[in-house]
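Here is the structure we will look at, set down as structure tokens.
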Amino acid sequence: MSLETETEVEIELELEEIIDLEREYTLEEYVALPDDGNTYELIEGKLVMRPVTRDRHGRVMSRLYDAMRDFLKTKPVGEVWLTTGFNLGKKPNGKDNVLGPDLGFIIASRVPPEANEYLPYPDLAIEVWSRDSDLASPSKLAKARKKLQIYLAAGTTLAWGINPKNKTVEIYRQGQAPKILNGSAELEGEELLPGFKINLTDLFK
């Protein structure tokens, strides 16, 4: 058995014993995590567990996904994925980021061949914020907003933070102040999905 193989076996044995939310993980260790029934993201080298979402979150996400899929059938300008992992690469400090946005869109020219791998950064990252895990306190909301900034730092053009609690959408671009939509405003795909629109009253109905 080679030294490299021995190291891989040691990592697998260690991870089979315990998943430690306090330690830092590399991308390779994250890929080798055992299935303990939970879903984890890798944020700056740390595992963050994502709880199972509830009804309102699921309905909002489904409405937006269905609207985007219907639009892409007539204008195939890219592809959209539902709760799929995106490898955002390493931070300057060497820490890995693998995030699973509720919806991730990649323009047609960047769509990779289908493979059993994490996708590259999305051009549009969409997070539907949950009442308990994202919106229960100012500190949790700050962490939810920080995730959107991680996408932008990796190359993402647009990031949407959707708040079903107060029926608003926060739109983020690199180096710009967020734009907030509410009421009967229309959420638009801009240059990534030209022509795509969904009214917030339909999204949050």
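A short reminder: the numbers here are calculations on the coordinates, not readings from a lab. As the structure is a prediction and not an experimental result, all values here were calculated from the model. Here Cβ is always computed from backbone atoms with ideal geometry, including for glycine, and neighbour counts include all displayed protein chains.
Gyration tensor analysis over the Cα atoms of segment 107-205 returns equivalent ellipsoid semi-axes of 23, 18, 13 Å (largest first, whole Å). In the chain, the DSSP beta bridges split such that about 85 percent are antiparallel, to the nearest 5. Taking amide H atoms as placed 1.01 Å from N in the peptide plane, the amide H of residue 130 lies under 5 Å from those of 135, each 5 or more residues away in sequence or on another chain. Calculated mean residue ellipticity, 222 nm, the chain: -9500 deg cm²/dmol, from DSSP H runs (n ≥ 4) at -39500 (n - 2.57) each, averaged per residue and rounded to 500.
Between residue 141 and residue 173, the modelled label-to-label distance comes to 2.4 nm, taking each label 7 Å out from Cα in the direction of the beta carbon. Using 0.36 nm per residue and subtracting the Cα-Cα separation, the extra length available between residue 182 and residue 110 on full extension is 22.8 nm. Taking amide hydrogens as placed 1.01 Å from N in the peptide plane, the amide H of residue 78 sits under 5 Å from those of 108, each at least 5 positions away in sequence or on another chain. Exposure proxy for 68, 49: other Cβ atoms within 10 Å of each Cβ, ordered fewest to most, give 49, 68.
Do any of 75/95; 147/205; 95/179; 46/73 go past 31 Å between their Cα atoms, and which? Checking Cα-Cα distances, 75/95; 46/73 exceed 31 Å. With R₀ set to 35 Å, the beta-carbon distance separating residue 70 from residue 22 gives a calculated FRET efficiency near 0.20.
Over all other residues within a Cβ to Cβ distance under 15 Å of residue 199, the charged ones net out to -1, with Lys and Arg as +1 and Asp and Glu as -1. With each label point set 7 Å from Cα along the Cα-Cβ vector, what nm distance links residue 149 and residue 44? Each label point is offset 7 Å from its Cα along the Cβ direction, giving 0.9 nm.
Remark: C-alpha extents of segment 142-191 on the principal axes read 31, 27, 14 Å, sorted largest to smallest. Net charge dipole, segment 55-203: roughly 520 debye, given to the nearest 20, about the Cα centre with Cβ charges of +1 for Lys and Arg and -1 for Asp and Glu. Once backbone amide H atoms are built at 1.01 Å from N, residue 32 has no partners under 5 Å, excluding neighbours fewer than 5 places away on the same chain.
Count Lys and Arg as plus one, Asp and Glu as minus one, and take only other residues whose Cβ is under 12 Å from that of residue 96; the net charge is then -1.
Among 157, 26, 74, which one shows the highest mean-square fluctuation when the chain is modelled as a Gaussian network with alpha-carbon springs under 10 Å? Among 157, 26, 74, the largest GNM mean-square fluctuation belongs to 74. Using the alpha carbons alone, the radius of gyration of the chain stands to its Kirkwood radius in an Rg to Rh ratio of 0.99.
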